[in-house]
Amino acid sequence: MMSRQAFLCGLGSLYLSLLFVFLLMDVYARPANNSALKEKAADSKDENEILPPDHLNGVKMEMDGHLNKEFHQEVFLGKEMEEFEEDSEPRKNRKKLMVIFSKVDVNNDKKIGAKEMQRWIMEKTDEHFQEAVEENKMHFRAVDPDGDGHVSWDEYKIKFLASKGFNEKEVAEKIKNNEELKIDEETQEVLDNLKDRWYQADNPPPDSLLNEEEFLSFLHPEHSRGMLKFMVKEIIRDLDQDGDKKLTLSEFISLPVGTVENQQAQDIDDDWVKDRRKEFEEVIDANHDGIVTMEELEEYMDPMNEYNALNEAKQMIAVADENQNHHLELEEILKYSEYFTGSKLMDYARNVHEEF
């Protein structure tokens, strides 16, 4: 007869095996998202400091063309979003959400209208931008060690390759002497793309040097009109299959979404396509002609577009407006807290009146 110890050992091994299988299933079931892959790859501090981020706070679409799944939380919470992620205690989160509600409700009528939400969205978006400006000062110092206020492409290239594991002194010497650098194909492709972006950020008259403001445009193109156009061109280039510099619905939903090998993966892919179809038809395609132009995509991507902010405010209200009065009451926001904060608050109705 099997001993109790052996039996428990066997159960432990079985549990670990099943856990490994489920983890594998989860990995292969996820839609392809280059943003997530790049975030995992960017482990070193230096690389994070000098590489343009894939994820742009308060922008509806990622640099690789994927929809920003956290957009609603980013424009509703601003910098406080991290507090909701770190603190999972429902009671504390309820109180935080109540404080936010009172700030959005500027006329103190105990409900939030579209104009109030629009003002709040613009304020939180500007908050993200100011945060990017502050971070950029630190990042710029990292690539401008001599402090002359300008960075050349070669200086940036040296720092970039050093962050990828290349010997900084050797790279600097080879570049100085115009010697060939042995760079793998993937790294070279990234460098070529960054170089195009670098020259786009170099404001007229072009001098191949970026100052602090231009470097901000390089890292955060969403806050520069010229760079916003460049970002839109890059996204359309990646999605446009017939070369007409416009997007049809089929092109917009045809990004590779993972290998479908089981029902779980199929469900994820179906949800992904459903979300993109809805965004294309209801938001991006402003004139509803079935075609998205560069101009339409640029307006959609512009985080400081007031019309977009008002449209977003109306959409956010519609999600939780159960009594259909075109406003949000505190109870409604608490009930739909997961949409606004990413945090699901339990027993909200039982506590709301005693806490607020």
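When the residues of segment 282-300 are filtered to those that are farther than 18 Å from residue 72 by Cα and either assigned to a helix (DSSP H, G or I) or in contact with a helix residue (DSSP H, G or I) (Cβ under 6 Å, 6 or more places away or on another chain) (or both), the one that is most open to solvent (accessible area, probe 1.4 Å) is 295.
Identification of helices (runs of 4 or more DSSP H) wholly contained in segment 301-348 with 2 or more residues that are among the hydrophobic types (A, V, I, L, M, F, W, C) and in contact with an Asp or Glu (Cβ under 9 Å, 6 or more places away or on another chain) yields 306-320.
Before we move on, is residue 143 touching a strand residue (DSSP E or B) at 6+ places or on another chain (Cβ under 9 Å) and open to solvent by less than 20 Å² (accessible area, probe 1.4 Å)? Answer is yes for this residue.
Please enumerate the residues belonging to segment 169-185 that are open to solvent by less than 80 Å² (accessible area, probe 1.4 Å), closer than 21 Å to residue 143 by Cβ and out of contact with any Leu (no Cβ under 6 Å at 6 or more places or on another chain). Answer for segment 169-185, where residues must be open to solvent by less than 80 Å² (accessible area, probe 1.4 Å), closer than 21 Å to residue 143 by Cβ and out of contact with any Leu (no Cβ under 6 Å at 6 or more places or on another chain): 172, 175, 181, 183. Is it fair to say residue 158 is of a type in the set (Val, Ile, Thr), farther than 30 Å from residue 308 by Cα and modelled with pLDDT of 90 or more? For residue 158, the condition - of a type in the set (Val, Ile, Thr), farther than 30 Å from residue 308 by Cα and modelled with pLDDT of 90 or more - is met. In segment 88-109, the residues that are farther than 16 Å from residue 339 by Cβ reach residues that are in a helix (DSSP H, G or I) with C-beta atoms within less than 6 angstrom, at least six apart or across chains, in these pairs: 106/116. In segment 234-281, the residue that is least open to solvent (accessible area, probe 1.4 Å) out of those that are at positive phi and modelled with pLDDT of 90 or more is 243. Taking the criterion of being open to solvent by 10 Å² or more (accessible area, probe 1.4 Å), part of a helix (DSSP H, G or I) and at pLDDT 90 or above, the residues of segment 205-233 that qualify are 212, 213, 214, 216, 217, 229, 230, 233. Among the residues of segment 151-192, those identified as among the polar types (S, T, N, Q), within 23 Å of residue 54 (Cβ to Cβ) and either in contact with a helix residue (DSSP H, G or I) (Cβ under 7 Å, 6 or more places away or on another chain) or in contact (Cβ under 8 Å) with a residue 24 or more places away in the chain (or both) are 163, 187.
The values are calculated or read from the model by the stated rules, or taken from the named source; none is laboratory data. What you are looking at is a predicted structure, and each value in this text was computed from that prediction instead of being measured. Here Cβ is always computed from backbone atoms with ideal geometry, including for glycine, and neighbour counts include all displayed protein chains. Heads up: the accessible areas ignore ligands, DNA and RNA and are worked out on the full protein's heavy atoms, side chains in. Shrake-Rupley method; radii C 1.70, N 1.55, O 1.52, S 1.80 Å.
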